[in-house]
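Here is the structure we will look at.
The values are calculated or read from the model by the stated rules, or taken from the named source; none is laboratory data. Everything numeric here is computed off the predicted structure, so don't read it as measured data. Every residue, glycine among them, receives a Cβ derived from its backbone with ideal geometry; neighbour counts consider all protein chains shown. Just so you know, the surface numbers come from the protein's heavy atoms only, side chains and all, with ligands and any DNA or RNA stripped out. Shrake-Rupley method; radii C 1.70, N 1.55, O 1.52, S 1.80 Å.
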Amino acid sequence: MLEKTRDSYNVDAISQALGRAAIGDRPYAADTWRQVRAARQSLAAGLTRLGFMVEPSQTNFLLARVAGQAPRSAQELYAYLKNQRILVRHFPTPRLDDCLRISVGTPTQNQRLIAALGEALHD
């Protein structure tokens with residue numbers, strides 16, 4: 001029965017212990033949340049400057065819609081970024097096929113992503 005009801009994103013005992021310790025360290029958690037919020041805001045601004053429509057988010061990722069007049073589709077941008085070793089998500093399904101799901105990274109990672117997208121859209 002345990003195997004049949006296991007969550008698809010199962011977490012091992014070591015990860016659970018680390019998670020409990022991290023949650024117990026509220027100052028560290030609060031600082032991490034602050035950093036993610038700042039990085040998310042900066043990333044959203046960078047994506048908007050490139051012409052993406054960015055959905056409001058309270059999470060550690062953004063949903064960025066590729067503008068209709070963009071020279072490359074979301075699928076093409078996904079492939080371009082993957083070739084640059086920058087991983088984002090693309091869902092080839094109705095209502096999401098023109099979007100990229102982008103996890104908020106460090107400021108350096110986010111700057112690299114913005115630069116790569118700028119190159120992809122303007123080359």
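Per-structure values
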item: Asp98, Asp12, ranked by accessible area, largest first (probe 1.4 Å); result: Asp12, Asp98
item: Dimensions (Å) - the chain, Cα atoms, principal axes, largest first; result: 48, 39, 25
item: Where the chain is the region considered: accessible area per residue in Å², 1.4 Å probe; result: 72
item: Interatomic Cα distance distribution for region 6-75, bins of 10 angstrom, percent; result: 17, 30, 27, 20, 6
item: Long-range HN-HN contacts of Ser57 with modeled amide H, under 5 Å; result: none
item: With every protein chain in place, region 3-123: carbon and sulfur % of accessible area (1.4 Å); result: 54
item: Between region 88-115 and region 3-70, the alpha-carbon center distance in angstrom; result: 12
item: 37 °C / 0.692 mPa s Stokes-Einstein diffusion coefficient of region 46-93, Kirkwood radius on C-alpha pairs, µm²/s; result: 283
item: Kyte-Doolittle mean at least 0.0 and Cα axial length at least 30 Å: DSSP H helices in the chain; result: none
item: For the chain: relative contact order, % (alpha-carbon pairs under 8 angstrom, 6 or more apart); result: 22
item: Point-charge dipole on Cβ atoms (K/R +1, D/E -1) for the chain, about Cα centre, debye to 20; result: 180
